[in-house]
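Enquirer: Would you mind keeping the following structure in view while I ask a few things?
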Amino acid sequence: GFIWLFGLRQIIRPTELLLKRMKELALGKDTGPALTHSNVEFRSLEAGLEQMASRLADREVEKSELLDRMVSVLENITDGFILLDATWRYLYINARTESILGIHRKEFLQTSWIQNPLHKDLIQVTALIETVQKSQYMSEQLLELSSPQFMALEVRIIPTDAGVAIYHVIVTGK
């Protein structure tokens, strides 16, 4: 009975607390140190978890700052940019795309390219999107458009980890 009680207090409970904390860290939560009355080995593991939690928090801040900078750049470039996920849902549409195509991007975000095209003439690049998604190689196409605002768009489709990025620029204006 003494060995069972010793094992429970010195090994099983500290192990369960460390596992619980690791799961919380993996989910982005951290309740802080849990082992105050334990042996040196488990307290050493807890200190390692402290360092990992600190590094993860730092990386999240860096990731957030980088994302903010990327969005700022994409919002201020002079060409259009669209990001589609692997199922062709709009993840991001920059302000220039909005002005080039005369759309309101909020109406399109999280909807599908197929069910809700940004512009009727952009349907012409649907086959190219499929090709790029399968091949994972960038491709481009010049589109003759029926818009009174401009005559042609150069469209580049670039594979990404999330799906595809569509970069477009007005080639000829009226």
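The values are calculated or read from the model by the stated rules, or taken from the named source; none is laboratory data. Nothing here was measured: the structure is a model prediction, and the numbers come from that model. We place every Cβ from the backbone using ideal geometry, glycine too, and count neighbours over all the protein chains shown. SASA here: full protein model, heavy atoms, side chains in, ligands and nucleic acids out. Shrake-Rupley method; radii C 1.70, N 1.55, O 1.52, S 1.80 Å.
Residues are listed down the side, and each one gets a yes or a no for (1) among the charged types (D, E, K, R); (2) assigned to a helix (DSSP H, G or I); (3) at pLDDT below 85:
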residue	(1), (2), (3)
Leu5	no, yes, yes
Arg9	yes, yes, yes
Ala34	no, no, yes
Glu46	yes, yes, yes
Met52	no, yes, yes
Ser64	no, yes, no
Leu74	no, yes, no
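Enquirer: Ok, one more. Between a first residue in the stretch 63-76 that is under 15 Å from Ala95 (Cα atoms) and a second residue that is open to solvent by less than 100 Å² (accessible area, probe 1.4 Å) and part of a helix (DSSP H, G or I), which pairs have beta carbons less than 9 Å apart while being 6 or more apart in sequence or on different chains?
Expert: Within 9 Å, the pairs are Leu74/Ala95; Leu74/Arg96; Glu75/Ala95; Glu75/Arg96; Asn76/Ala95; Asn76/Arg96.
Enquirer: Can you tell me which residue in the stretch 110-169 is nearest to the chain's Cα centre (by Cα), limited to those that are in a loop (DSSP other than H, G, I, E, B) and among the aliphatic types (A, V, I, L, M)? Can you show your working first?
Expert: Going residue by residue through the stretch 110-169, those that are in a loop (DSSP other than H, G, I, E, B) are 110-111, 113-119, 136-138, 145-149, 160-162.
Subsequent filtering for residues that are among the aliphatic types (A, V, I, L, M) retains 114, 118, 138, 145, 162.
On the way: Ile114: 21, Leu118: 21, Met138: 20, Leu145: 31, Ala162: 7 Å.
The residue in question is Ala162.
Enquirer: Among the residues of the stretch 101-130, how many are under 17 Å from Val155 (Cα atoms) and surrounded by 14 or more Cβ atoms within 10 Å (Cβ to Cβ)?
Expert: Final tally of qualifying residues: 11.
Enquirer: Moving to a separate point now. For residues in the stretch 88-100 being more than 14 Å from the chain's Cα centre (by Cα) and open to solvent by 50 Å² or more (accessible area, probe 1.4 Å), which is farthest from Pro159 (Cα to Cα)?
Expert: Ser99
Enquirer: Within the stretch 134-158, track down each residue that is open to solvent by 50 Å² or more (accessible area, probe 1.4 Å), polar (S, T, N, Q) and more than 23 Å from Val171 (Cα to Cα).
Expert: Gln136
Enquirer: Shifting gears a bit: Hey, can you tell me all the residues within the stretch 44-67 that are open to solvent by less than 100 Å² (accessible area, probe 1.4 Å) and not hydrophobic (A, V, I, L, M, F, W, C)?
Expert: Across the stretch 44-67, the qualifying residues are Ser44, Glu46, Gly48, Glu50, Ser54, Asp58, Ser64, Glu65.
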